[in-house]
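Okay, handing you the structure first.
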Amino acid sequence: MGLMNRFLRREGPDPARAGGRPAVVDEKAFLWAAGVVHDYGVAMSSISAAGRGCIADVRRLPHPKERIKEALALMLGATDEADLRERLKSSYLLLADWQEGVGDTIVPMRLPEEAVDVSAAGAAKSAAWEAWEKWRPRVLQEERALKAELQERGLW
C-alpha cells in the first residue's frame, strides 16, 4: 500500500523536491498499470528460469507489448524513486527479449558452453549458437529503439 500511496501522492509533497515532481496518477490508472506490470514480471520470471538472458516468443507475453510499454511508462513517469525508476527502465528495455517468430523454444542469449568448445577440426556450430546469432541482432536493435522511445518521452 505504501507504493500505491506514493504513486497516488497520498503521502503528501516531498519537501526535498521543489517543482519537478512526477505526474500524479489516478487510482484506476495505477491499478491497471500495476496489474499489467505484475503480469509481465511473472512472464519474465518464467523465461529467466531457463537461464539468464533469454529470448522468447512474443506470444508468451501476458499482454501486447504496446500495453506493457504504456503501463511501464505510466509508472515510470509517476515515480521519482531512483531504484524503482531503474527497474522500470530495465523492464522496458527487456521487452526486446520478446520477439515474433521465436516459437515454443526459449533461446539463451549468452554464448552457449558448447559453442566455446569448438574443435580445431572445424566442428559445426551448435543449433543453440545459430539461434543466438539469429536473434541477438534483432534484440539489440529493438533495445536501442525502446531506449529512444523513453528518451523521447522524457523518461530516461
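In segment 43-68, which residues are at pLDDT 95 or above and surrounded by fewer than 16 Cβ atoms within 10 Å (Cβ to Cβ)?
Scanning segment 43-68 gives VAL58, ARG59, ARG60, PRO62, PRO64, GLU66.
Suppose the filter is modelled with pLDDT under 95 and part of a loop (DSSP other than H, G, I, E, B); does ALA29 pass it?
Taking the combined requirement at face value, the residue does not satisfy it.
With the checklist (1) farther than 13 Å from ILE55 by Cβ; (2) at pLDDT below 90; (3) in contact with an Asp or Glu (Cβ under 9 Å, 6 or more places away or on another chain) in hand, flag the one item THR105 doesn't pass.
(1)
The values are calculated or read from the model by the stated rules, or taken from the named source; none is laboratory data. Predicted, not measured: the structure shown is a model, and the values here were computed from it. So basically every Cβ, Gly included, is an ideal-geometry build from the backbone, and we count neighbours across all protein chains shown.
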